[in-house]
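Trainee: This is the structure I want to talk about, given as C-alpha cells.
The values are calculated or read from the model by the stated rules, or taken from the named source; none is laboratory data. Model, not experiment: these values are computed from the prediction. FYI the Cβ positions are ideal-geometry reconstructions off the backbone, even for glycines, and counts take in every protein chain you see.
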Amino acid sequence: MIVVAEPGRLAPEGADAPIEIHPQTGLASVDIGVAGAPHAFVIDAGGGYCWMRGQTLAQWLAAAPDWRRAEGAVGPANDNMIDFAFERQGTVARLPEIAIGETALANVGVMGTGPLLGAFGDALVGDLFWDNWQKSASRPVVGWLGANVLRHFRLTIDYANRMSYWRQQSAPDPHDLDQPGVTLVRRDGRYFIGGIVHPARGAPLEGARPGDELIAVDGLSAREGGKGAVLAALHGPPGQSRTLTLSGPGGDRRIEAPILDLS
C-alpha cells in the first residue's frame, strides 16, 4: 500500500537512512551496505526482484563464491521474462546480509544481469543497460531494490528532507527462488523456455530445450495463467518436482522437473 501525505502529516517509523532524489524523475536511491562497503541502489517499488550490475556482482562473487546460486534467471528473479541475454544469462546470488542504515537484513536474493552485447562487447563499451537505466537516478547506481526486499518493510520516504525510514515487519524467505531450473520468456501471453538454469548445487534440468513452449505446470494451463500464477505453480519445496507439459519439435511431451534448492 502506498500513502501520500503532506510533509509532517505522517510520523516516520523505523531506522533512518539518507536518500538522494532525482529532481525530475523523483527516483530515490539509498546506500546499501554489503560486506562493509556502501553501494547505491534505487528504491524500485515496481521491481519484482533485486537486480544489479552483473559486473559488480562478479566482483563480489570472486571474493565470496559461496554466495553464487545459479546461472540463469529463475523464479521471481525472472519476473521480467524478456528475451534478452542480460536476463537469460544472469547470475543469481544470495547475500548473507545487507545493511540499510542501521537495519540488517539476512538472506537477500539478487540477480546480476548478464552481458547485453556479450562478454567481449560489454568489456569494450561498458554496461550499457545499467548506464542507460541509471540516467533517471540522481547518481550512478549498482542496481535496484525490488519487492523481495521492500515487502518486508514499512517504508516511509521523506522527500523534503531526503530521508527514508525502514521498519522491518518480516524476514526474507531464503527459498523464494526454489523451482525447476528454467528461465522463461513471455511472448504474446505465452511462455517459452528461454534457457536452462545451471545451479551451483545440483544438476541442470534434462528434457527441456530452449524454444519449447511451456503448456502447463501440473494442472495449471500456462496459456490461461498470468505471470504470477505460472511462477507460483512452479515454486515449491526442494525434493518435490513439477510436471511440465512442453511443446516443441515432435509435439507435446511431459517431463518431471525437480525443484532446485536455491536457498
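Trainee: Just to check your reading of the model, which residue among 226, 211, 236, 181 is free of Cβ contacts under 8 Å to residues at least 60 places away in the same chain, out of contact with any helix residue (DSSP H, G or I) (no Cβ under 7 Å at 6 or more places or on another chain) and farther than 21 Å from residue 147 by Cα? Break it down into steps so the answer makes sense when it comes.
Mentor: Details: 226 fails: farther than 21 Å from residue 147 by Cα; 236 fails: farther than 21 Å from residue 147 by Cα; 181 fails: free of Cβ contacts under 8 Å to residues at least 60 places away in the same chain.
Going through 226, 211, 236, 181 in turn, the sole match is 211.
Trainee: Still on this structure: Which one of the conditions (1) in contact with a helix residue (DSSP H, G or I) (Cβ under 9 Å, 6 or more places away or on another chain); (2) outside any loop (DSSP other than H, G, I, E, B); (3) not polar (S, T, N, Q) does residue 154 fail to meet, given that it meets all the rest?
Mentor: (1)
Trainee: Right, next: Looking at the range 28-41, can you tell me whether even one residue there is outside any strand (DSSP E or B), at pLDDT below 95 and not assigned by TED's automatic domain parsing to the domain that holds residue 242?
Mentor: Yes, some residue in the range 28-41 is outside any strand (DSSP E or B), at pLDDT below 95 and not assigned by TED's automatic domain parsing to the domain that holds residue 242.
Trainee: Moving to a separate point now. Enumerate the pairs (first residue in the range 47-68 and within 16 Å of residue 107 (Cβ to Cβ); second residue anywhere and at pLDDT below 95 and β-branched (Val, Ile, Thr)) with beta-carbon separation below 6 Å, excluding pairs fewer than 6 apart on the same chain, so at least 6 apart or on different chains.
Mentor: none
Trainee: Considering (1) closer than 29 Å to residue 232 by Cα; (2) loosely packed, with under 14 Cβ neighbours inside 10 Å; (3) free of Cβ contacts under 8 Å to residues at least 60 places away in the same chain, say which one residue 106 fails and leave the rest.
Mentor: With (1) closer than 29 Å to residue 232 by Cα; (2) loosely packed, with under 14 Cβ neighbours inside 10 Å; (3) free of Cβ contacts under 8 Å to residues at least 60 places away in the same chain applied to residue 106, the lone miss is (3).
Trainee: Any chance the range 223-241 includes a residue that's buried (at least 20 other Cβ atoms within 10 Å of the Cβ), among the hydrophobic types (A, V, I, L, M, F, W, C) and part of a strand (DSSP E or B)?
Mentor: Within the range 223-241 (the criterion being buried (at least 20 other Cβ atoms within 10 Å of the Cβ), among the hydrophobic types (A, V, I, L, M, F, W, C) and part of a strand (DSSP E or B)), the answer is no, since none of the residues qualifies.
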